[in-house]
Amino acid sequence: MDDNASTPAAKLLLLDLDYSAGERAFRDEVRAWVDANLPNALRDKVVRYEHLTRDDHLCWHRILADKGWIAPGWPVEWGGNGWNVVQRYIFEEECGYAGAPSLVPFGLTMCAAVLLKFGTDAQKRRFLPRIYRGDDFWCQGYSEPNSGSDLASLRTSAVRKGGHYVVNGQKIWTTLAHMADWIFCLVRTDASPERKQEGISFLLIDMRSPGITVRPLILMDGGHEVNEVFFDDVEVPVDNLVHEENKGWTVAKYLLGHERLNTARIGTSKRELEHLTTFAARQVKDGRPLTDDPRFRDKLSRLAIELMALEITNLRFLDRLRGGRAPGAEVSMLKIKGTEIQQMLTELMLEAAGPQAQVIGSVDDRDLDDPALAALAPRYCNMRKTTIYAGSNEIQRNIIAKHALGL
Ligand SMILES: Cc1cc2nc3c(=O)[nH]c(=O)nc-3n(C[C@H](O)[C@H](O)[C@H](O)COP(=O)(O)OP(=O)(O)OC[C@H]3O[C@@H](n4cnc5c(N)ncnc54)[C@H](O)[C@@H]3O)c2cc1C
């Protein structure tokens with residue numbers, strides 16, 4: 001992405017999709033630092049697709065916080081480090097490629113973005129430093145039974161009584177609620193608005209408040225990632241209201257754009273594609289390496305091309321963001337392609353492993369050709385979620401149809 005295309009006209013016609021010399025030097029610096037500072041035990045867990053504990057998540061978070069790299073996109077006065085969008089992308093890509101755990105976005109990217117845009121000074125001072133240091137672990141309370149894609153139909157109620165709201169209702173699919181200290185919630189503060197998008201408010205709720213119950217939902221892979229969260233007469237101080245009462249939908253929409261920015265995971269997919277290619281080259285079919293099989297090669301090549309196209313699309317998108325434009329419907333395109341590629345990777349890995357994919361963690365993984373095999377089948381099941389969460393891919397297609405194609 002060289003800044004010095006020769007003339008203004010050339011700049012209009014050409015998109016330089018390579019990194020500049022400065023960006024390449026930055027990438028090398030990040031790569032070396034991550035290599036030296038990512039604990040091996042944590043990396044091993046990530047590349048073996050093991051479920052991470054709260055301590056695992058916070059370990060990498062705090063290493064980055066100490067370095068000053070945990071919240072690059074925040075304003076400098078709150079701990080941001082002034083990196084531009086390209087540097088931030090390079091950093092995320094390098095971390096994903098190296099096998100660092102994905103940073104839990106609920107506090108760092110979602111709640112923080114909302115507080116920075118809509119929070120009072122007191123709310124910023126109270127919550128942002130704790131999010132930065134990893135003192136508070138956050139989760140997202142948006143979805144409810146029957147209110148997922150149609151989020152504005154949500155019914156969890158918050159009734160104001162003196163200095164508190166009294167909250168009653170239920171959230172569902174709440175990722176990592178069982179690890180969380182705080183939850184940010186959309187609640188209904190007006191029971192009979194003219195439009196369902198009105199009468200919603202954005203509340204910050206302490207998970208230790210009396211009246212909150214968290215129940216696990218076990219996913220197809222047997223893992224505990226998501227939960228139901230029940231609110232039974234939970235008292236929430238009015239100071240924890242973000243933005244105006246009944247104007248929470250504005251906050252919700254702002255946050256969803258930020259949520260989808262992080263779903264493409266190109267660095268992680270590149271690492272997994274390399275792993276798949278090496279693994280397939282060791283697998284033998286009809287006396288030849290699987291990578292010599294024309295049909296498998298075809299699928300592998302298609303996947304590699306899709307990933308390359310996604311990366312180029314992402315660079316084009318970053319080039320525009322660098323020019324100061326807000327993320328628009330293009331984020332939906334990145335979400336769709338990024339998550340489809342993540343699923344295709346697990347499908348091809350399963351195909352390459354053949355019967356070996358059936359070990360499902362039951363065999364001591366020291367006996368396996370590849371330690372990631374033990375988690376392969378559960379991983380395949382787990383990755384079905386990517387086209388559902390952060391707004392399902394069907395909903396992303398609707399967004400593209402409406403905002404990008406004008407349909
Ligand atoms: C693993 C996982 C983690 C999650 N984590 C969180 C979290 O931390 N916090 C949170 O608040 N939520 C979370 N969610 C919830 C997620 O946002 C919803 O599941 C998602 O928005 C879909 O809503 P739904 O499940 O109610 O499905 P529905 O909205 O009932 O949709 C069912 C199907 O119909 C399709 N559909 C619905 N409406 C349309 C339409 N208008 N046009 C075309 N197709 C349509 C959908 O694409 C889907 O295929 C998580 C979900 C999963 C699977």
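The values are calculated or read from the model by the stated rules, or taken from the named source; none is laboratory data. Note that this is a predicted model, so its numbers are computed, not measured. Glycine gets a Cβ as well: all are built from the backbone with ideal geometry, and neighbour counts include every protein chain shown. The protein model used for the area step is the full one, side chains on, heavy atoms only, and it has no ligands, DNA or RNA in it. Shrake-Rupley method; radii C 1.70, N 1.55, O 1.52, S 1.80 Å.
What the table below lists for this structure:
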read-out: Rounded, prolate or oblate (a/c below 1.5 giving rounded, otherwise prolate when a/b exceeds b/c) for the stretch 134-188 by Cα gyration tensor; value: oblate
read-out: Listed residues Glu194, Glu394 arranged by accessible area, highest first, probe 1.4 Å; value: Glu194, Glu394
read-out: Solvent accessible area, Å² - Cys185, 1.4 Å probe, full protein context; value: 0 Å²
read-out: Accessible surface ranking that places the most exposed of Lys337, Lys196, Lys117 first, with a 1.4 angstrom probe; value: Lys117, Lys196, Lys337
read-out: Greater than 27 Å apart at Cα, pairs in Lys171/Lys335; Lys45/Lys285; Lys285/Lys385; Lys270/Lys335; Lys45/Lys124; value: Lys45/Lys285; Lys285/Lys385; Lys45/Lys124
read-out: Mean-position separation - Cα centroids, the stretch 101-121 and the stretch 45-62, in angstrom; value: 20 Å
read-out: Selection from Gln342, Leu217, Val331 lying farthest towards where the dipole of the chain points positive, charges on Cβ; value: Val331
read-out: Most mobile listed residue (Gly22, Gly391, Gly99) in the chain, GNM with C-alpha springs under 10 Å; value: Gly22
read-out: The chain, relative contact order [Cα under 8 Å, separation at least 6], %; value: 14 percent
read-out: Met220, Met333, ranked by accessible area, largest first (probe 1.4 Å); value: Met220, Met333
read-out: Carbon plus sulfur fraction of accessible area for the chain, probe 1.4 Å, in percent; value: 52 percent
read-out: Probe 1.4 Å - accessible area at Asp28, Å² to nearest ten; value: 80 Å²
read-out: Å² of accessible area per residue within the chain, as computed with a 1.4 Å probe and no ligands counted; value: 49 Å²
read-out: Spin-label pair Asp206/Gln343, simplified geometry with 7 Å Cα→Cβ offset, distance in nm; value: 4.2 nm
